[in-house]
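The values are calculated or read from the model by the stated rules, or taken from the named source; none is laboratory data. For clarity, every value in this text was computed on a predicted model and none was experimentally measured. Every residue, glycine as well, gets a Cβ built from its backbone with ideal geometry; the counts of neighbours run over all protein chains shown. Surface accessibility is based on the protein's heavy atoms, side chains included, excluding ligands, DNA and RNA. Shrake-Rupley method; radii C 1.70, N 1.55, O 1.52, S 1.80 Å.
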Amino acid sequence: MNVKVENLGLHYGRDEALKNITFELTEKKIYGLLGRNGAGKTSFLSILASFREATSGSITMDGEVPFENANIMQQVLFLYNKDYKDESDNVKSLLEDVQRYRPNFDIDYAEHLIKRFKLDKKKPLKKFSKGMQSAFNVAVGLATRAEITIFDEVYLGMDAPSRDIFYKELLQDQADHPRVFILSTHLVSEMDYLFDEVILLHKGEILLHEDVDSFTTKGAKVTGSKDLVDEFVGSKKQLNTEQLGDTKAIFIYGEFSQEERKAASHAGLEISNLSLQDLFIHLTGEEEEYETK
Amino acid sequence: MKQNNHFPKVALDMYMMQLAWTLGFFGIMLIIHFWRIGRLTFFQGDEVDTFYNSVFTTANIFMLVIGIICIHFLPHYVENGVTRKDYFKGALLASIGLSISLPVLAFIISSIIKAIVNINYREADINSVIQEIDGDIGDIIGDIVQAIILSPHVDLSSNWLLALGVFSLNLFMYYLLGWLISASFYKYDFIIGIVSIVASILILMFGDTMIRIALDLPIFDRFSALASLPTSITLFVILLVILLPVWIIRQLTKRVTIKM
């Protein structure tokens with residue numbers, strides 16, 4: 001399903017939660033939505049899922065407006081950290097309920113996942129721990145096989161082994177039944193290998209939308225003697241600097257040519273790639289750090 | 001993509017769930033009913049109302065409560081990919097079905113009990129109560145309390161079909177007003193929620209008065225000027241009074257943000 005977002009904006013009274021969001025998702029890939037707390041991730045995802053309307057701009061999915069469109073809405077699934085404290089139904093009956101309304105829901109796969117996460121099918125959901133409730137959400141998310149599946153931080157409460165199961169199942173199921181996944185997360189370093197593309201949301205705006213591999217090659221850390229590093233980096237966009245004695249490391253956002261890399265090597269400078277996590281931290285955190293200094 | 005019409009499913013699911021709640025409500029009413037029969041038989045207590053009449057005086061509040069709960073199905077269905085429109089249509093159909101089923105079930109159960117337990121049941125004249133209290137209190141609060149407690153009542157023995165129909169209509173109105181109040185609170189803040197409660201009471205009092213006029217039942221003095229309205233007009237106004245909350249609920253839920 002093709003997702004096209006144009007000039008999308010959202011206001012809460014006078015606050016501008018989202019502004020000028022424009023992008024297009026054309027392929028069945030796993031998209032990582034990164035952004036700091038309050039960047040507007042959940043607001044944006046809830047508009048995609050027709051939970052709310054945008055104040056301005058438009059969203060189309062396969063050329064149609066999704067809001068209140070029965071054909072589109074049944075193919076868009078949005079899972080978030082839902083509070084199940086009042087949910088007295090058990091896993092079995094909740095899965096049956098989902099199955100009634102979701103055309104691609106695979107009950108066998110759901111049961112396989114419930115077994116892998118070691119969830120008791122007969123226990124009311126409210127009696128589950130937070131992590132187990134999250135695991136239930138994840139199981140529903142995968143087994144529904146909606147054309148657009150959105151996970152908004154649902155895995156946060158899960159323990160490391162459960163998250164690992166989720167990542168493996170996600171990649172396997174994406175290989176078997178390709179679809180659009182949008183995963184928002186804070187666990188960047190842990191999940192970076194899952195993403196095909198990454199969308200960085202910062203203060204309600206899209207900072208970038210890129211292929212993960214080409215994005216990470218844009219980040220580099222140049223380490224060496226202070227003067228040499230400063231001279232080499234020149235006017236490139238600096239994300240962060242670290243200094244210990246005469247040794248300085250500068251985090252750069254921008255690509256180096258082959259010649260530049262050779263010159264660096266001759267000068268005794270070390271150039272290493274930045275991880276997605278480093279890029280995320282420094283692209284979205286830099287401003288505040290300087291402001292507070 | 002396959003075209004899926006979800007509202008019949010929503011209607012059936014909500015109807016079955018609310019019917020189960022109704023059976024629970026009947027269970028409690030039956031316990032009270034048999035306790036009163038037992039008390040009358042063994043300790044010569046008060047007279048006992050028929051099961052039908054007991055349900056008649058309590059089911060309104062039951063419907064109001066499940067009408068209030070109705071809004072909680074909205075996020076549930078939207079999360080499952082159902083549109084707000086399909087939820088609205090489904091919930092409305094379910095509430096109509098329930099408003100018809102409840103009096104019929106109460107009538108059947110009441111008839112069975114009457115056939116088995118042979119005692120003298122009190123044939124309460126629910127409508128006459130309105131005038132007895134009216135003279136004593138006679139103020140607006142008294143009217144409001146009465147309007148909430150007492151609904152237009154037609155005796156089963158005079159015209160059973162009309163009696164069941166009026167009972168259904170009462171229940172349907174209470175359900176709609178509960179739904180209207182909860183939808184207002186869901187969409188807006190506390191103040192508008194309170195306004196919706198006041199509006200609901202006014203709609204209820206006005207609707208009840210119209211039904212009373214149409215059925216030639218006693219009405220509040222406050223509305224006595226309306227008593228001479230021709231039946232055709234009152235029936236039309238009753239229809240409008242039903243459609244008004246239906247329309248408001250749809251407007252409230254049409255584009256509402258789902259709370260997370």
* To do: With respect to A:L113, determine if the residue is surrounded by 17 or more Cβ atoms within 10 Å (Cβ to Cβ), part of a strand (DSSP E or B) and away from chain B (no Cβ under 12 Å).
  => no
* Asked: List, please: which pairs have Cβ atoms under 7 Å, are six or more places apart or on different chains, and start with a residue in the stretch A:1-22 that is farther than 30 Å from A:H177 by Cα and end with one that is open to solvent by 60 Å² or more (accessible area, probe 1.4 Å) and among the hydroxyl-bearing types (S, T, Y)?
  -> A:N7/A:T22; A:G9/A:T55; A:L10/A:T55; A:H11/A:T55
* Among A:V222, A:V180, A:V233, which is the only one that is within 26 Å of A:N20 (Cβ to Cβ) and in contact (Cβ under 8 Å) with a residue 12 or more places away in the chain? -> A:V180
* Structure fact -> With the first residue restricted to the stretch B:28-55 and required to be under 13 Å from B:N120 (Cα atoms), and the second required to be of a type in the set (F, W, Y) and open to solvent by less than 100 Å² (accessible area, probe 1.4 Å), Cβ contacts under 7 Å at 6 or more apart or on different chains are B:V48/B:Y121; B:D49/B:Y121; B:T50/B:Y121
* Would you pick out the residues in the stretch A:50-71 that are part of a strand (DSSP E or B) and open to solvent by less than 20 Å² (accessible area, probe 1.4 Å)? -> A:I59, A:M61
* Does B:F26 count as modelled with pLDDT under 95, on the phi < 0 side of the Ramachandran plot and assigned to a helix (DSSP H, G or I)? -> no
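Yes/no matrix, rows are residues, columns are (1) in contact with a strand residue (DSSP E or B) (Cβ under 6 Å, 6 or more places away or on another chain); (2) away from chain B (no Cβ under 14 Å); (3) open to solvent by less than 20 Å² (accessible area, probe 1.4 Å):
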{"position": "A:V5", "(1), (2), (3)": "yes, yes, yes"}
{"position": "A:I21", "(1), (2), (3)": "yes, yes, yes"}
{"position": "A:A39", "(1), (2), (3)": "yes, yes, yes"}
{"position": "A:T42", "(1), (2), (3)": "yes, no, no"}
{"position": "A:L48", "(1), (2), (3)": "no, no, yes"}
* To do: Test A:I252 against the criterion of being open to solvent by less than 30 Å² (accessible area, probe 1.4 Å), within 24 Å of the chain's Cα centre (by Cα) and either on the phi < 0 side of the Ramachandran plot or among the acidic types (D, E) (or both), and give yes or no.
  => yes
* Asked: Given the stretch B:32-134, what helices (runs of 4 or more DSSP H) lie entirely inside it while holding 3 or more residues that are under 22 Å from the mean Cα position of the chain (by Cα) and at pLDDT 95 or above?
  -> B:51-69, B:84-116
* To do: Test A:F280 against the stated conditions and say whether it is outside the structural domain of A:P161 (by TED's automatic domain parsing) and in contact (Cβ under 8 Å) with a residue 60 or more places away in the chain.
  => yes
* To do: Assess whether A:G234 counts as being under 34 Å from the mean Cα position of the chain (by Cα), closer than 18 Å to A:T284 by Cβ and among the small types (G, A, S).
  => no
* **Meets criteria (within 14 Å of chain B (Cβ to nearest Cβ), in a strand (DSSP E or B), out of contact with any Gly (no Cβ under 7 Å at 6 or more places or on another chain) and surrounded by 15 or more Cβ atoms within 10 Å (Cβ to Cβ)) for A:L33** => no
* **Looking only at the stretch A:213-226, and only at residues there that are of a type in the set (G, A, S) and within 15 Å of A:G254 (Cα to Cα), the one that is surrounded by the fewest Cβ atoms within 10 Å (Cβ to Cβ)** => A:S214
* Taking the stretch A:227-241, which residues are open to solvent by less than 50 Å² (accessible area, probe 1.4 Å) and polar (S, T, N, Q)? -> A:N240
* Answer yes if at least one residue in the stretch B:12-22 is within 14 Å of another protein chain (Cβ to nearest Cβ), acidic (D, E) and either closer than 30 Å to B:K254 by Cβ or outside any helix (DSSP H, G or I) (or both), and no otherwise. => yes
